[in-house]
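Here is the structure we will look at.
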Amino acid sequence: MPAPDASPPSFCTFRFERSPENFLDADRITRIWQAVPGLPTTGEALLHVTPLSGDGDQESDYFLKAGYTASGGVVPPPNRASMAEDPRVRNPWEGQTPFAAPALMLSCRPESGTPEVAAQHLRECTGETVTWHKVPTPLATLYPSGFTVLLPIETEYEITPDQAAAAWRWLDDFLLRARQRRPEHWPPEADGQPVGDGFPPYRYLPPPEPWRLKRSMSWSRSLMSFAAPGDGFQCPHCGGNPDEEVIMEALHTAFQENPEAPDLLLRAPCCGIILPFNALINNWLGFARFCLQFSGCPCDDNDLAELNTLMQTPFKIVHVY
């Protein structure tokens, strides 16, 4: 176990070790989430299953390509012979080195010299064996090519540990459903088209089951911001497009006046209604203390409505690239 040091805070991953592993157990998630506010940490705490890129000798994407099932069993990666029967022209899951089976992990930035204190706090709260090590900043290594965020419209929304467990299980169910959906860029008419000499006609295949492991759930004492290149807002009240410069200036003022807890109730310049910033319709900027993150699949209105009902508060989608 690494010794505590006085260096500037860096991200650490705390791994919960249980056999047999069950990363969907609601009681486990509830106990972990109850422990999170008591952590001696700065910034967000990120619950995840897929290792960050600093968690092993290989990049974290390899974990998803290795053929692991969510229950911890191993499925051999497909080879060239199997591609002849079940064609996949580009087979990114072939020949990769696997990580260990899935495990619950919590990544955060403990205060200087306190990773072992944080680990002991988690052990006492959960009753589980907890090990830790330093890792790179999480989101960039867990989602190197971008991700989707589901966050409450109400920025001061406080999620209970039981709700967090329900949201975590909902995310798993959603990813199982979404895995079967055909991407927008893969129209049905593409199936059966020739793709070159020596290959059977191509057809869409969903990604392997471990793909759904690439997700996370975050909590933070201060507001987290999620942004991507984008522009424009639409007012949900009048349907107009409020002046972006006015909105961004109001945001800047709110964070200047109170960086830790800015007042994000804004008056829309288009019709004068007062509403939370997150209520403005856009998919490129949002703020939250709690959110769900995933990559690689679309989330439609029906999915969002289901989450809204479960959490009893409306959520919105932000895409981060």
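Observations, loosely collected:
- Of the peptides 133-139, 31-37, the order by per-residue mean of other Cβ atoms within 10 Å, starting with the highest, comes out as 31-37, 133-139.
- Summary value for segment 243-321: 21 percent relative contact order, contacts being C-alpha pairs under 8 angstrom separated by 6+ residues.
- Taking HIS252, HIS48 and ordering them by how much accessible surface each has at a 1.4 Å probe, largest first, produces HIS252, HIS48.
- Accessible surface, per residue, of segment 257-321 when the full set of protein chains is kept, probe 1.4 Å, Å²: 46 Å²
- Distance between segment 294-319 and segment 124-186 - C-alpha centres, whole angstrom: 12 Å
- Under 5 Å from the amide H of PHE14 lie the amide H atoms of LEU106, SER107, CYS108, each residue being 5 or more positions distant or on a separate chain, with H modelled from the backbone and absent for Pro and chain starts.
The values are calculated or read from the model by the stated rules, or taken from the named source; none is laboratory data. Note that the structure is a prediction, hence the values are computed from the model and not measured. Every residue, glycine as well, gets a Cβ built from its backbone with ideal geometry; the counts of neighbours run over all protein chains shown. For accessibility, only protein heavy atoms count, side chains too; no ligands or nucleic acids. Shrake-Rupley method; radii C 1.70, N 1.55, O 1.52, S 1.80 Å.
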